[in-house]
Amino acid sequence: MLVLVAIAGIWEVLVRFSIADVQFLPAPSEIAAAAQGEIFGGELVGRLIHTVGVTALGWGIASVIGVGLGLLLGLSPTAYRYSMTSFEVTRAIPPITFVPAALLIFGFSLKMELVLVIYGGIWPVLINTIGGVRSIAPELRDVGTMLRLSTPETIRKIVLPAAMPSVVVGLRLGLSLCLVLAVVAEMVGNPEGLGNGLIRARQALQPALMFVYVIAAGLLGVALNAGLRATARAFLPGNALKDVFAS
Amino acid sequence: MAEYECLNLRAEVGSRRGAKRLVLDGVSFEVGAGEFVSIMGRSGVGKTTLLRVLAGLHEPSADSPTSDCMVRFSDEAVAGPPEGVSLVFQDYTSSLLPWRSVARNVELPLEGRLSKADRQVRVTEALEMVGLADRHDAQPFELSGGMQQRVQLARALASRPAALLMDEPFGALDALTKADLEDQLLEIFTATGTTVVFVTHDIEEAVYLSDRVLVLDGSPAKIVAEIPVESPRPRTQMHTRESPEFLRARHRVHEVIFGTE
């Protein structure tokens, strides 16, 4: 925190006294002023709500698909054998490269943004769920078999909890990726949200405002991650998560 | 009355790339109700496979339709885990559910079968039997290895099984803990009258605990010897291990496994 304040201070001095003569680099004080104006009289809050909403909704849908598909592929060797090659190939394509295609198919719309966010968010959840399920100790599976648990019971009581630390890692990676994709989609496609605010500020030659959006997106990322962390901690006590959130 | 009957059992184990190896062939034996039988043999001989067949986790392989290969528990052919059989694994760390407390682990086999109140009674009863009544709310990772294995034993006992299958349950424990757990198991065996099939590679342990020791040998393996242990019960570490009956049985098992020197 102190380091951040110091950096802002140095930045302020450099710009104020024109030591660093960079055009369109606003001083932190100018950014603060712009932020104040944008929060109380401008569009920041509305745009923030839009981006949060799309990220959360897309991430939620992606997580349900990712965990569901991950369970299937993790539990069924046949499904795994037949689909992993195509998944590995598809996964290697950066989701951002689908932006132009999505734009052509869905136009400048919310749909395009959501599709992109969901698509990107599925991968980390899917891959980590498969990994988590496949690395469950065989003894643990045998425990379920010995107790004659039904498949849904086995999934609920044994497979899901055992794979949970790995699933949470996937959910966390997925969430950051969803936010990135939402902002990218807003910058080039759907004219709403933080990404669009950023582009608008650039076009209006308002660098201070631009930085307001950059910082807002950053803070949003931190907040989403903290929220997920708190939720996971609340639902998964004990040592199950000590490795997941070691960082 | 025979609880377990095994006749001309054949079992194959698949390796990587689908190649199958015949591990057991022509294994025949019976285990009476309320009897304590140990299965001994060198490592890799197929003891665990045999126990998994008894547990219904591994399917015996009949090579021809006319084969008389048969595994029965309480007069019913074993197809999948039979009702009334509990299995205790060697590796307690990977067979307890680390996200559940001790009590919730023991409760697992009872869920969906008994009311909440009845489950509590059974859990308390099982934990008392293994001497862990005061660790009810502990998490498995907070316990020592011996205690974790006790939790697994309590979980196996909670459903009041007719037969208890144990796969080298004390193999990973230190000698003192092992002796404690052996005595506790004997107490439980006497108190509950449950049938026990116990896999081990420790000759002393097999003789100390059992009514009979079966020795598995060969590739594919079959039962090459059956040694009764005449030592009277209750047995104690100090006296039983010095008794002539114990020494005679130990000598015999040693002879079968290593040959006469």
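Phi angles of segment B:34-40 translate, via the Karplus equation with coefficients 6.51, -1.76, 1.60 and θ = phi - 60°, into HN-Hα couplings of x, 9, 10, 10, 9, 10, 10 Hz per residue; Gly and Pro are given as x. Within segment A:112-159, the residues that become at least 40 Å² less accessible when every protein chain is included than when their own chain is isolated (1.4 Å probe; DNA, RNA and ligands ignored) are A:E139, A:L140, A:D142, A:V143, A:M146, A:L147, A:R148, A:K157. Computed over protein heavy atoms with a 1.4 angstrom probe, the accessible surface ordering of B:R122, B:R100, largest first, is B:R122, B:R100. A Cβ-based charge dipole, computed about the Cα centre of segment A:55-246 with Lys and Arg at +1 and Asp and Glu at -1, lands at about 220 debye.
Of the DSSP H helices in chain B, those with a Cα length along their own long axis of 18 Å or more and a mean Kyte-Doolittle hydropathy reaching 0.0 comprise B:175-192. Ranked from largest to smallest solvent-accessible area, with a 1.4 Å probe on the protein heavy atoms, B:F258, A:F40 come out as A:F40, B:F258.
The antiparallel fraction among DSSP beta bridges confined to the protein assembly as shown stands at about 55%.
To test your reading of the geometry: what angle, between 0 and 90 degrees and rounded to tens, separates the Cα axis of helix A:207-235 from the longest principal axis of chain A? It works out to around 30 degrees.
Helix content alone sets the calculated 222 nm mean residue ellipticity of chain A: runs of n ≥ 4 DSSP H residues at -39500 (n - 2.57) each, divided across all residues, give -26000 deg cm²/dmol.
Per DSSP H run of at least 4 residues, take -39500 (n - 2.57); add these up for chain B, divide by its residues and hand me the 222 nm value, nearest 500 deg cm²/dmol. Walk me through the numbers before you get to the answer.
Numbers: 9 runs with 91 residues, N = 261.
Estimated from H runs of four or more residues: -10500 deg cm²/dmol.
Of the trypsin sites (Lys or Arg not before Pro) found in segment B:176-261, those that fall in a DSSP loop while having at most 16 other beta-carbon atoms within 10 Å are B:R241.
Leaving ligands and nucleic acids aside, the B/A contact buries around 1700 square angstrom of accessible area in total at a 1.4 Å probe radius.
Annotation for A:A33 and A:R202: the two label points, set 7 Å from Cα along the Cα-Cβ direction, are 2.5 nm apart.
When only the Cβ of Lys, Arg, Asp and Glu is charged (+1, +1, -1, -1), the dipole of segment A:1-148 relative to its Cα centre reaches about 680 debye. Lysine pair count for the protein assembly as shown (Cα-Cα distance under 22 Å; residues 8 or more apart in sequence or on different chains): 6. Scaling against 2.2 N^0.38 Å puts the C-alpha radius of gyration of the protein assembly as shown at 1.35. Relative to the longest principal axis of the Cα atoms of chain A, the long axis of helix A:44-75 lies at roughly 20 degrees. Close amide H pairs (under 5 Å, H built 1.01 Å from N) link B:L9 with B:G26, B:V27, B:S28, B:M70, residues at least 5 positions away or on another chain. Remark: segment B:53-197 is approximated by an ellipsoid whose semi-axes, taken from the C-alpha gyration tensor as √(5λ), come to 28, 18, 14 Å, largest first.
The Kirkwood hydrodynamic radius of segment A:55-246, based on inverse pair distances between different Cα atoms, is 18.2 Å.
Residues whose amide H lies under 5 Å from that of B:M40, counting only those 5 or more places away or on a different chain, are B:L214, B:V215, B:L216; hydrogens are built 1.01 Å from N in the peptide plane. In chain A, a dipole from Cβ-located charges (positive for Lys and Arg, negative for Asp and Glu) runs towards its positive end, and of A:M146, A:S109, A:L220 it is A:M146 whose Cα lies farthest in that direction.
Here the label points at B:D180 and A:I10, each 7 Å from Cα along the C-beta direction, are separated by 5.9 nm in the simple model. Taking every protein chain into account, the 1.4 Å probe leaves A:M146 with about 20 Å² of accessible area, to the nearest ten.
Amide H contacts for B:A221 (H built 1.01 Å from N in the peptide plane; partners 5 or more residues away or on another chain; cut-off under 5 Å): B:L24, B:D25. Ranking A:V5, A:S83, A:V22 by Cα position along the charge dipole of segment A:1-92, where only Lys, Arg, Asp and Glu carry charges on their C-beta atoms, puts A:S83 farthest toward the positive end. Between the beta carbons of B:D75 and A:A101, assuming R0 = 60 Å, the FRET efficiency works out to 0.35 to the nearest 0.05. When Rg and the Kirkwood radius Rh are both evaluated on Cα atoms of segment B:1-122, their ratio Rg/Rh stands at 1.03. A simple charge model with +1 on the Cβ of Lys and Arg, -1 on the Cβ of Asp and Glu and nothing else charged puts the dipole of the protein assembly as shown at about 1600 debye relative to its Cα centre.
The values are calculated or read from the model by the stated rules, or taken from the named source; none is laboratory data. Every value quoted in this text rests on a predicted model; they were computed, and no experiment measured them. Reconstructed Cβ throughout: ideal geometry from the backbone, glycine too, with neighbour counts over all protein chains shown. We work out accessible area using only protein heavy atoms, side chains counted, and drop any ligands, DNA or RNA first. Shrake-Rupley method; radii C 1.70, N 1.55, O 1.52, S 1.80 Å.
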